[in-house]
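Single-structure report; data block below.
The values are calculated or read from the model by the stated rules, or taken from the named source; none is laboratory data. Worth saying up front: this structure is predicted, and the values here are computed from it rather than measured. So basically every Cβ, Gly included, is an ideal-geometry build from the backbone, and we count neighbours across all protein chains shown.
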Ligand code: UT7
């Protein structure tokens, strides 16, 4: 049976840097509060003149392919994780396929928020293991700034989320690279972190009104406390599940790349796993929480900084809207 490995990683973030001080000019917040509660110093916001989810994803994908020594035409299938697709439908997978000139290959969209990249990675891994494909492009990309309420009313989400894209090329190998993926969800908590519109459950008269008067439903709603409390429990659970399934222990982990939700969550996990600071990769300080893009951006930067070495045990973990949570263990090749 073939296995899969990550053969190349890439990322792209918009140029526009949004500092905490700039946000303080839009709403009642301040640099100290944001840094103390989240660790975030700045994030990127897209430029509507030039950035789209699909074209940022294409830039990240080309970087990943180049680093893997592959060409666009080598890609046989795309798995695209995003909750902020350029259109309501079709998903951004087909738009990325068009950007890369890969007409004809399949493109699948995944809408599992912060866990989206690991869900996407898991699907690509299964396709490769089954022998159906040898080279799969796995992408996480988001433009979230357009859905943020940047008034004081939305400050608990506006200061957290950012835009960006990351990509991984998975290829078939005969040595086990991806050891396992574990995926979970609990829909009882769907409304703890969500954007309601354009939801189909909204009555036609409201959806098709010439002027939508109440745009509240288009903005991100989050019960931060609830999300935080569940996140710290589920992160640990799903990491321990992965270690247990592979007969490994926390001492075996060389590098943990958690979804960049909040620096305090990453630090909590680091402490629980008794990892050193340099064993947990964090870049939330510079990009905020980029949802499905956060793990591939972090992985791409970690790789570029030489933090991923042959035979290292890499652990990925995520938690987010849904609630969904997931982990992956990877023996780096
Ligand atoms: O990617 C996965 C999904 N997201 C997450 O994992 C996020 C998880 N949650 C969090 O990161 C945290 O809950 C937040 C950073 C969102 C909020 O931090 P918190 O420590 O849980 O603060 P809080 O919501 O309990 O609010 C404390 C106070 C409140 O004021 P009062 O009621 O005590 O007077 C808020 O109104 O802080 C206030 N507040 C702010 N103040 C300044 C909330 N947001 C802000 C803000 N600036 N941006």
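Of everything in segment 94-115, what is farther than 11 Å from residue 82 by Cα and assigned to a helix (DSSP H, G or I)? Give them in sequence order. The answer is 94, 95, 96, 97, 98, 99. Within segment 249-271, the set of residues being more than 22 Å from residue 160 (Cβ to Cβ) and surrounded by fewer than 17 Cβ atoms within 10 Å (Cβ to Cβ) comprises 249, 250, 251, 252, 254. Within the set 183, 121, 148, the sole residue that is in the same structural domain as residue 89 (by TED's automatic domain parsing), away from the ligand (no atom under 14 Å from the Cβ) and either over 17 Å from the mean Cα position of the chain (by Cα) or closer than 26 Å to residue 300 by Cβ (or both) turns out to be 121. As a summary of the residue check, residue 7 satisfies the conditions (1) surrounded by 15 or more Cβ atoms within 10 Å (Cβ to Cβ); (2) within 16 Å of the ligand (Cβ to nearest atom) except for the one numbered (2).
Just so you know, in segment 214-226 the residues that are free of Cβ contacts under 8 Å to residues at least 60 places away in the same chain and out of contact with any helix residue (DSSP H, G or I) (no Cβ under 6 Å at 6 or more places or on another chain) include one that is nearest to the ligand (Cβ to nearest atom), and it is 225.
This table checks each residue for (1) in a loop (DSSP other than H, G, I, E, B); (2) more than 30 Å from residue 309 (Cβ to Cβ).
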position	(1), (2)
46	yes, yes
55	no, yes
58	no, no
61	no, no
64	no, no
85	yes, yes
88	yes, yes
